[in-house]
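Below is the structure I would like to discuss, written out as structure tokens.
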Amino acid sequence: MVVCVCNAIRENDVRAAAREGATSACQAYRALGRSAKCGQCVPFAREIINEERAAA
């Protein structure tokens with residue numbers, strides 16, 4: 001599933017960044033070499049990161 005249309009970031013990308021230590025959407029995006037643009041994806045990215053952190 002696409003999380004961020006502006007940056008073409010997929011759910012698996014955000015999950016991988018979270019598993020590698022990203023604790024926020026901005027950190028995850030930076031780890032992927034991108035930055036949030038319009039910001040509409042940030043809540044969804046946060047939710048994914050929280051799920052990954054809870055599962056760890």
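A short reminder: the numbers here are calculations on the coordinates, not readings from a lab. Keep in mind it's a predicted model, so treat the numbers as computed, not measured. When we count neighbours, we look across all protein chains shown, and the Cβ atoms used for this are built from the backbone with ideal geometry, even at glycine.
For the chain, list the cysteines whose Cβ sits under 4.7 Å from no other cysteine Cβ?
When partners are defined as cysteine Cβ atoms under 4.7 Å apart, the chain leaves 6, 26, 38 without one.
Oh, and also: Ranked highest first by the average count of other Cβ atoms within 10 Å around their residues, in what order do 46-56, 5-15 fall?
5-15, 46-56
Also, I was wondering about something else. When the helix-only estimate is applied to the chain (DSSP H runs of n ≥ 4, each -39,500 (n - 2.57), divided by the residue count), what is the mean residue ellipticity at 222 nm, nearest 500 deg cm²/dmol?
The helix contribution divided over the chain gives -15500 deg cm²/dmol.
Among residues other than residue 29 whose Cβ falls under 12 Å from its Cβ, what is the net charge (Lys/Arg +1, Asp/Glu -1)?
Local net charge: +3.
Another question, then. Which whole-percent values make up P(r) of segment 1-44 when all C-alpha to C-alpha distances are grouped in 10 Å steps starting at zero?
33, 63, 3
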